[in-house]
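See below for the structure under consideration.
The values are calculated or read from the model by the stated rules, or taken from the named source; none is laboratory data. All values reported here derive from a predicted model rather than from experimental measurement. Accessible surface areas use protein heavy atoms only, side chains included; no ligands, DNA or RNA. Shrake-Rupley method; radii C 1.70, N 1.55, O 1.52, S 1.80 Å.
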Amino acid sequence: MDKESLLRLVDSLHRDKEIAKDVVFQGIEAALTTAARKHFKSQEMVSIQIDRNTGEILAKEGDRMIDPSELGRITAQTAKQVIIQKIREAERDVIYDDFISRRGVIVSGTVQRFEGSAIIVNLGKTEGILQRAEQIDGEHYNTNERVRAIVFDVKKIGIRVRILLSRTHPDFVRRLFELEVPEIGEHTIEIKALAREPGHRTKIAVASGDPNVDCVGACVGVRGSRIKNIVDELNGEKIDIIRWSDEPEVLLPNALKPADVSGIILSSGNQVATIVVPNDQLSLAIGKRGQNVRLASRLTSWDIDIITESEFEERQKTSAEGFTEVAEANKKIADNVPAVTTESDERVQSGGEKEEVS
């Protein structure tokens, strides 16, 4: 290969594969060095360097300069295989560095093929894998259909990069809100907590750093336009947006919406909250298969026990009766226990009686 061809090859790989030119030069030098050592079978150190500007090859065997024409007789296949391997490794590193910096970020691609229950997504320069566990229940995809997901994890496996995608991770909803609600991207509104059961329901707590900005209204959008885009992306998953508060007395009732709360008893020592709801609100507060109270508990980090007003009154009545019974028992004990005197008192009393008899 002449100098001009070598420089064109390096430039082409740099452009098409986005591999740094110096990395390509190093790969070619390593390939030629490996092939030269096998060819000369010399005990002397073989070193090859390529001028980055001119493409001229400088080769040495120990102190002896090797004529570039001698390198032409080296087995070309050996050098070619090493060059290909080095280029693939460099290409892998470029892709890995690109996607490791995008971990947790939403990417968009097209469904390329199916491998069992996993979906292989074309991301342009490489492929991503959307495994069954990371797909939302009830979703179905066709080849060439557009799909969005977050980069869940990135791994190097041999000369390949394995990019794992997810649509079920809570951060997928978080990133969708960041895209749809500019105030979140600008940090005017902050997502304080998020709890999700993919495909069913999400509860998200938000707070505003600007008193003039309604955090809930901004997330919903005009006539629900912003939240509608997110729900559509999640194929109808319900989303409850609540206002965050540092006070559990305020946060817990908000988290249980749409159910009404009529009372709350907190046990801060073990993070347990007893929530009292109207009799007709119990099923709404608990939710289908306990979903509403489960998500509220995860959102607030409190264990939640829900009771109706009737149950609360019954507990109060039972507690009052218990206190009455204890008080009456104490009174009976006090009335029936005889006076107790000490041994020294008995001796004093006994001595006094003898003196009176005498």
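Worth a mention:
- With all protein chains kept in place, the per residue accessible area of the range 151-232 amounts to 48 square angstrom at a probe of 1.4 angstrom.
- P(r) tail for the range 128-233: Cα pairs beyond 20 Å make up 48% of the total.
- Each 5 Å bin from zero holds the following percent of Cα-Cα pairs in the range 180-242: 4, 18, 28, 28, 16, 5, 1.
- Separation of the alpha carbons by more than 29 angstrom is noted, of K3/K41; K3/K156; K125/K203, for K3/K156; K125/K203.
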